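The values are calculated or read from the model by the stated rules, or taken from the named source; none is laboratory data. No experiment lies behind these values; they were computed from the predicted model shown. Ideal geometry is used to build each Cβ from the backbone, glycine not excepted, and the neighbour counts take in all protein chains shown. For the accessible areas, the whole protein counts, side chains as well, though only heavy atoms, and no ligand, DNA or RNA atoms are used. Shrake-Rupley method; radii C 1.70, N 1.55, O 1.52, S 1.80 Å.
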Amino acid sequence: MEDKSKVKVEVIGVKNKPFAMIVEPTRELTMQLYEQAQKLAYQTGIRVVKCYGEYDAASNGKEVFGGCDIVVATPGRLMD
């Protein structure tokens with residue numbers, strides 16, 4: 001019998017294309033939503049990343065292009 005409590009999302013060949021993008025108007029809201037998404041994604045195989053202005057754009061880009069399923073970001077950082 002298959003254990004459905006640990007379903008892993010795996011798409012072959014689609015490493016750095018998120019399935020969802022959540023845009024928040026402020027860094028504070030972005031961080032709050034990122035923390036909640038991390039809790040919901042725990043042990044599911046879903047990778048959540050954040051992109052907002054407190055960190056340099058290169059490190060945010062590394063996170064996204066390193067592969068993710070959900071991106072939580074501010075509009076300004078998306079424009080960078």
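Structure above, values below:
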item: Residue in the range 23-36 that is under 13 Å from the mean Cα position of the chain (by Cα), open to solvent by 80 Å² or more (accessible area, probe 1.4 Å) and modelled with pLDDT under 95 present; result: no
item: Enumeration of residues in the range 53-77 that are open to solvent by 30 Å² or more (accessible area, probe 1.4 Å) and touching a strand residue (DSSP E or B) at 6+ places or on another chain (Cβ under 7 Å); result: Glu63, Ile70, Pro75, Arg77
